[in-house]
Structures are given as structure tokens and as C-alpha cells.
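These notes concern the structure reproduced below.
The values are calculated or read from the model by the stated rules, or taken from the named source; none is laboratory data. Fair warning: this is a prediction, and the values are worked out from it, not measured in the lab. Heads up, the Cβs are rebuilt from the backbone with ideal geometry, glycines too, and the neighbour counts pull from every protein chain shown.
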Amino acid sequence: MNRVVIVSASVGAGHDGAARELARRLTDHGHTVDIHDYLDMLPGSAGRTLGAAYLRQLQAAPRTWDILLRALQLSRPFAALVCLLFAIAGRRMLHAVRSADLIVSTHPMPSQTLSRLKAKGRVTAPVVTYLTDMSVHRLWVAPNVDLHIALHGVAAEQARRLGARRIAVTGPAVGPAFRPVMNAAERRLARAKFGLPFEGRLALVVAGSWGVGDIADTARDIARIGLATPVVLCGQNETVRRRLADSGEGIALGWIDDMPTLMRACDVVVQNAGGLSSLEALATGLPVITYRCLAGHGRTNAAALDDAGLVPWIRDRDGLTAALTAEPVRAPLSTLCPTVALDGEMTHRETVPVTRSRRRRRLAIVAASTVAFLWLATVGVSLAVAGGFQSVGPASRRGGSVYVLVAMDSTKPMSRSTIEKLAAVHGAAAVSTKALRAQPATVRDLAKAGVTIVNAADGAPYETGVFTGRASIGQVAAGVAAVTGRSPRLMVSNGELDAIDVGIVAMHRERIIVPAATVHCGAAMGHGMKGVILVESTGDCDLEATLDALSAMASRHSVRQASIEELAA
């Protein structure tokens, strides 16, 4: 009997789910298995803080996660600096893996810590990384890990390019409960268990245990296509569950303990992250599609799953229409059980040369300081803006009012009647550099009519760029002042700004508006909208009709239509 230690990280349920299934299979093979959470190995409350910050980042500033992953993928030195941070878990990791015959990691962070301990000679047992994702970024591949287990040849090739020494391709670690439905009677019982309609096609929308991403928009798109009823799994996100339940667009479910039965009740799975749920759905025999995927790992997983021929990546509503009635993909996955590779690894030991560096502690301190500074200047600032620093964020909807902000179209002037309608509903106009250059007379007419002018920099809403876009904040501020005689007091952004952006905005004495919702001109209005509503007015849509619809919605729900000037105070 061998002792196996599995180290996961509770940042989402996918890594933990794979760890539990591997433990079950290894136990069936006669091994003793212990599972540890890497977040518990970090000093003090750092692990829980890290998990909460990651969730907040995905919710409030998802593009920063995409930027961070790209930086790690493109820059080996930056990735090396980040990896040095994982040394702080070394002592507790050593305690957890003492006397282990095999160590398995299901998350990049423990893999990096174990690799450093192997390099020092403090861990001698074989270390295996089980790649839970179809796409492999640089942190997944640690230099001193003995074996990387991949789910498909696409993932194996990505790991190989990043320097993985030995790779095995096996089937996914999915429990036996995830199997195809046997007959119509079993499907009917499964639907009855969750109170789902017996007739019609059901599309299960999954977004991980945290329920992050554009799942409300996904449900709305599916419902309006009319080929299936969306069943939205919101996980622990009770706010989204209540919002979906109020909208009436589909069926909103909270945390579910019996996923195998729920999947057998449905006909197709729509996912946004490419994690464990995708593999479980494939094992259940359901067609799976990626739609409105998450930034960062959601996009890379979507591309890898599409390349593997397992899950098509749908990028628009036309593609979604066809995919909702598609047959399951028959692309093969390996039938080799992961435990076969793990059993073999316990008899395969390689000696990793011990390396020592007298500058290790100094480098670790420099790495920690650099990464902390970059995080605070980018992600930290975005989170602070979303929370109210120098801004009026989505929290403005708690005031019980709606503030209409129209993104000015640079391709055509706004008619006199539309300007009067916008003024009548106490609306504001978001003016970009392009709109200011193309339509200065319209900007002047809007200001004369009493419509508040809001700085949109180089887009509505503005989002930060590494080298571009920043100058446009000042260009619009100066241009609006020259045209109207008054500088704007507000700037609209999606909340993804860095310290430089916030400094420029503060220099122009503006506050940042983060819209609570964005709607397309001509689109149907959602239920109970509050806060700042950004209306995108492009093309030949009827903006006046959209403003009337917003007013009608506010009246139905007894929501006050207020002037956005109130938020500048």
C-alpha cells in the first residue's frame, strides 16, 4: 500500500473535483490518499484573501485577468518572478507531503512550490501535475515535476512547447455517475427532480461554482432564439440567481449537489470556462458549446477545446442558433485511466539535480515587491474603482434611480427631437474623441439643451490600454470645454483602469462612472434596471423609441429617472 498526497486549490470547483475523483480511483486501487488545499498552506489568511481577490477580479475587472495571463505566457522572466512567490508555502507543503510515495498537484501553484522543493532535494517522491484544463499556460509547467498528465493531444503539445519533460495523455477524471441517459423515462424522472418542464428542449447554462461571466445575457439569447429553454446554474452567485428569476428568461438554479442527474435532464450544455463541467457533459453524452466565454483561461480553453474538436466555440447568436440543435461531438478522448499513469509513476523515480542560490531570498523579496506593485497598480486600482474609489460604480443602482447615458454616434448628427427627448428624460451623452471631431455642432447643441456631457475618451466605455488611449482622456476634456464652454465632470469607463488612468482623470477633476448595465439601442429593456444605463446608439436604430422604452420600464417599476449630474457631486 502506497501513500499518495493530492494538493489542489479551492479557486473554483474544477481543481477540487478532479482531486476528489483521482483520490476515489486511487483508493479503489488500494492506495491511501490525503487531499490538501494549497490555500491553507499560505501564511495566515493569505490563502482565503487570494481566493476572494481572484473571484472579485473575475467579477469586477475580468480583462485584467486576461492581461495577466498573456503577460505570463509571453514573458518568461515575469513568470519566473511570479513563481518565486510560491516559495512561501514551502514549509507547510513539506509537512503535508512527508513520507508520501507519490504527490499529485491539480493546480499550477502547488506544482510550482513542489518543483522548487524538488530542486532543493527536500522532496524526493515523484511529483505529477494533473492538467485540469484543456489549455496550458506557463505556470502549469514546472521544471522539476516528473510527469504532466494531459487530457488531450492539444494540451500535451502546449505543455511540451512550454518545457514539460514527460507527458502522458489520459482520459478525464470524471466520476462514473456522469453517464448518458438510458431512456425517456429516466430523463422524465430527472426533470421531475428539479422541477423542470417535461416537454421541450433544455439548454443547461453552466458557469462554474461561482456563477461568473455573462450568464444572464447567455440565458436571454437562448430564450429569444426559442429553440430551447435555458436552465441556468448560478452556483454560489445568489445575486445572479435572483436577477434571472425576476427576469423570467429561463429557469435559474442555485447550488446543485446532483450534477449527473441534472445533466441527464437536459439536451445541451452551454459553458463559458472550459473546465470540469465541459468534461462531465461530454461523459454524459451531451453536445457542449462555448458561448460568451470568460476572459483569460475561458478564452484559451475555448480555443483549445475547439481545436481538439470536442467543444465548438460559438461567437455570435447566429452560430448559437445552429449549435442549440446540434448532435453531440464524437471526437475521441483517451480511454486510459489517469490512475494507470499514476501507478506507473510510483515505480519510476528520477533524481533531480539539487540547485542552490545564495541570492534566493533577495530575489524572492524583489519578486514579491514587483508583483505586488504591478497588482496594486492595475488589478488593485480596477477593484478600487469598482468599489467606489474616484468613481460612481455599479453601486449607484442601490439608490433606487436610473440614469440614462447615451453613447453618441460619431457617424451621424443627433436630430433636434432626439436631443429634446434626451433632455426630457434627464439623460446624458457620452462623447468620445471620434464623436467630438466628427460632430462638434451636435455636442454644442446637446449642451445648450441641458444634456450633461460625459467624457468617453477613445470609446464608450473607456478601457485602459498599455500604451494607447490615455491621451484621449485629456483630449476630450479640453475639446468639450472648447466647444461648450464647460469641462465635463464625469468620465465613463468599464472599470478596468490602472493607476495612470485614475491619475489623469483626477487631474481633470472628473469622477469615473461605471455603468450598471449596457443596452443596445433598439433592444428590449430588462426588468428593474437601476443605476447608470449606457445606451449604445449606433447604426440606424430608433434612439427615441429606446428612450421611451427606458422611461416606460422606470415607470412600471417605480424607478426615478434622475439626472446624472447628481453623481458628479
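A single entry from 145, 212 fulfils the requirement of being assigned to a loop (DSSP other than H, G, I, E, B) and in contact with a strand residue (DSSP E or B) (Cβ under 7 Å, 6 or more places away or on another chain): 145.
Residues in segment 108-124: is at least one surrounded by fewer than 23 Cβ atoms within 10 Å (Cβ to Cβ), touching a Ser or Thr at 6+ places or on another chain (Cβ under 8 Å) and more than 30 Å from residue 30 (Cβ to Cβ)? Yes, because at least one residue in segment 108-124 is surrounded by fewer than 23 Cβ atoms within 10 Å (Cβ to Cβ), touching a Ser or Thr at 6+ places or on another chain (Cβ under 8 Å) and more than 30 Å from residue 30 (Cβ to Cβ). Taking every residue in segment 173-191 that is without any contact (Cβ under 8 Å) to a residue 60 or more places away in the chain and pairing it with any residue that is outside any helix (DSSP H, G or I), at least 6 positions away or on another chain, the pairs with Cβ-Cβ distances below 9 Å are 188/198. Among residues of segment 148-163 being in a loop (DSSP other than H, G, I, E, B) and in contact (Cβ under 8 Å) with a residue 24 or more places away in the chain, the one that is farthest from residue 310 (Cα to Cα) is 162. Only a single criterion out of (1) within 23 Å of residue 150 (Cβ to Cβ); (2) at pLDDT below 90 is not satisfied by residue 282, namely (2).
Annotation: of all residues in segment 204-215 being among the aliphatic types (A, V, I, L, M) and in contact with a Leu (Cβ under 6 Å, 6 or more places away or on another chain), the one that is farthest from residue 17 (Cα to Cα) is 212.
Out of all the residues in segment 471-488, is one or more modelled with pLDDT under 85, in the same structural domain as residue 448 (by TED's automatic domain parsing), buried (at least 16 other Cβ atoms within 10 Å of the Cβ) and out of contact with any Leu (no Cβ under 9 Å at 6 or more places or on another chain)? No, every residue in segment 471-488 fails to be modelled with pLDDT under 85, in the same structural domain as residue 448 (by TED's automatic domain parsing), buried (at least 16 other Cβ atoms within 10 Å of the Cβ) and out of contact with any Leu (no Cβ under 9 Å at 6 or more places or on another chain). Of all residues being part of a loop (DSSP other than H, G, I, E, B) and not hydroxyl-bearing (Ser, Thr, Tyr) in segment 29-45, which is nearest to residue 102 (Cα to Cα)? Just the residue, please. For segment 29-45, the residue satisfying everything is 31. Considering only segment 165-184, I want to know if a residue exists there that is buried (at least 24 other Cβ atoms within 10 Å of the Cβ) and part of a loop (DSSP other than H, G, I, E, B). Yes, the conditions are met somewhere in segment 165-184. On inspection, residue 231 does not qualify as surrounded by 22 or more Cβ atoms within 10 Å (Cβ to Cβ), in contact with a strand residue (DSSP E or B) (Cβ under 6 Å, 6 or more places away or on another chain), in contact (Cβ under 8 Å) with a residue 60 or more places away in the chain and within 24 Å of residue 279 (Cβ to Cβ).
Conditions (1) free of Cβ contacts under 8 Å to residues at least 60 places away in the same chain; (2) more than 30 Å from residue 71 (Cβ to Cβ), marked per residue:
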{"site": "244", "(1), (2)": "yes, yes"}
{"site": "259", "(1), (2)": "no, yes"}
{"site": "294", "(1), (2)": "no, no"}
{"site": "297", "(1), (2)": "no, no"}
{"site": "301", "(1), (2)": "no, no"}
{"site": "329", "(1), (2)": "yes, yes"}
